[in-house]
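A quick write-up on the structure given underneath.
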């Protein structure tokens, strides 16, 4: 995309670009005369005191020059970069464990430093050219999210399925010298990078602070289609790892004031332990990696002032993955006691598409949800947006929400997967007109803003 401009995906009314006639579908060609490779060049260039942007109208080939007001960010939003494809053959690669027949985008294995900087995607640094490294340093693309997995070169080669790997430690040190901060992760694979190897990895990365800002330890995720012979993390290893990480945390807190290394929520669940208090996670630096998500939800739930009663008697069905089910079930029982006229039924959905070891809500298929909800009766089912693909409202298996309605006979409301989303969903459904009879599905609704 960079050779021919970057696609404009949105133009906000009243901004310099809008007033100049720039519209969705146009191309942004240059910034101060320099060709744009991607949205990062645009973000970087807006730091200049004076900026001239050159757009091309898709139909007329006409160009428009805009000198933006930096405070309004010119008013355009640009398409993300097309991902660079991963060349590793990781023994734990989740994409390689997907069944055939799902949508094509699910099989894209990205390994792109630009997506790491923009969205927090994890990369292994195995797909970088020298020009890429120089750009990261020059444009200060920080922080980066890096899958280290092991600092032992031979162990890392085994995990990533390649013999031509550079030692990752000097690569990290080079970025750190130039001010690039790093959030690292280890995907724990039993018998390969656990116990003694993990001890070495934690110690090495802790010694690279503050350049390495945090480290997450997450158990390997295995679907029913895994063919590499890996074992899942069992309860014994999970408990050992939690204790191992806790020892490091205690040592590092005394020295630096924070824990640095954190086990994911799933590690605590596998260990049969309670999720820690918020103090364990410090600033929740790795929450998007499943580190502290449950604790954040529980704390935010306690902070919300739910109403004593709703506008009308309301019955709702909530569903989630089996790992979060006990938490949501307990919270819903307490909520029913606090809100008069509210009835909640919580359903834990087993993942039959990918296998029952996959327990998170975000990887549930529409078909599995339908099967779990059949026979349920309520005013509506709240659909957490995390189970839907951005932009088109489809589940993992391309089922639509309206199809779920017709299959279950339940009206639906798509909500944010948060306590605030639950509250908003409750209040919205309470305002719906009630049916006189029947259970046919109605129109899919989204909460009012």
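Just checking, how many residues over the range 203-231 are outside any helix (DSSP H, G or I) and touching a strand residue (DSSP E or B) at 6+ places or on another chain (Cβ under 7 Å)? Here the count works out to 10.
Rundown of residues vs (1) crowded, with 20+ Cβ neighbours inside 10 Å; (2) farther than 25 Å from residue 119 by Cβ, yes/no style:
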residue: 235; (1), (2): no, yes
residue: 242; (1), (2): no, yes
residue: 258; (1), (2): no, no
residue: 269; (1), (2): yes, yes
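In this structure, is residue 429 under 26 Å from the mean Cα position of the chain (by Cα) and either under 30 Å from residue 222 (Cβ atoms) or in a helix (DSSP H, G or I) (or both)? Answer is no for this residue. Residues that are modelled with pLDDT of 95 or more and either touching a strand residue (DSSP E or B) at 6+ places or on another chain (Cβ under 6 Å) or assigned by TED's automatic domain parsing to the domain that holds residue 217 (or both) number at least 1 in the following strands (runs of 3 or more DSSP E) confined to the range 38-137: 76-78. Of the candidates 218, 261, 233, 245, the single residue that is at pLDDT 95 or above, over 23 Å from residue 355 (Cβ atoms) and touching a helix residue (DSSP H, G or I) at 6+ places or on another chain (Cβ under 7 Å) is 261. Take the conditions (1) out of contact with any helix residue (DSSP H, G or I) (no Cβ under 7 Å at 6 or more places or on another chain); (2) over 13 Å from residue 66 (Cα atoms); residue 37 misses just one of them, which is (1).
Close Cβ contacts (under 6 Å, 6 or more residues apart or on different chains) running from residues in the range 141-155 that are in the same structural domain as residue 116 (by TED's automatic domain parsing) and more than 30 Å from residue 44 (Cβ to Cβ) to residues that are at pLDDT below 95 and surrounded by 20 or more Cβ atoms within 10 Å (Cβ to Cβ) are absent. Filtered by the rule that a residue be touching a strand residue (DSSP E or B) at 6+ places or on another chain (Cβ under 8 Å) and assigned to a loop (DSSP other than H, G, I, E, B), the range 143-162 gives 143, 148, 149, 150.
Those residues that are under 19 Å from residue 317 (Cα atoms), in a loop (DSSP other than H, G, I, E, B) and out of contact with any strand residue (DSSP E or B) (no Cβ under 7 Å at 6 or more places or on another chain), I need them from the range 375-397; list them, please. 375, 377, 395, listed by residue number. Scanning the range 301-310 for residues that are surrounded by 13 or more Cβ atoms within 10 Å (Cβ to Cβ) and touching a helix residue (DSSP H, G or I) at 6+ places or on another chain (Cβ under 8 Å) returns 301, 306, 307, 310. Which residues, taken from the range 403-426, are assigned to a helix (DSSP H, G or I), touching a residue at least 40 places away in the same chain (Cβ under 8 Å) and touching a strand residue (DSSP E or B) at 6+ places or on another chain (Cβ under 8 Å)? Scanning the range 403-426 gives 422, 425, 426.
The values are calculated or read from the model by the stated rules, or taken from the named source; none is laboratory data. As the structure is a computational prediction, the values presented were derived from the model and not from experiment. Positions of Cβ are backbone-derived with ideal geometry, glycine not excepted, and every protein chain shown enters the neighbour counts.
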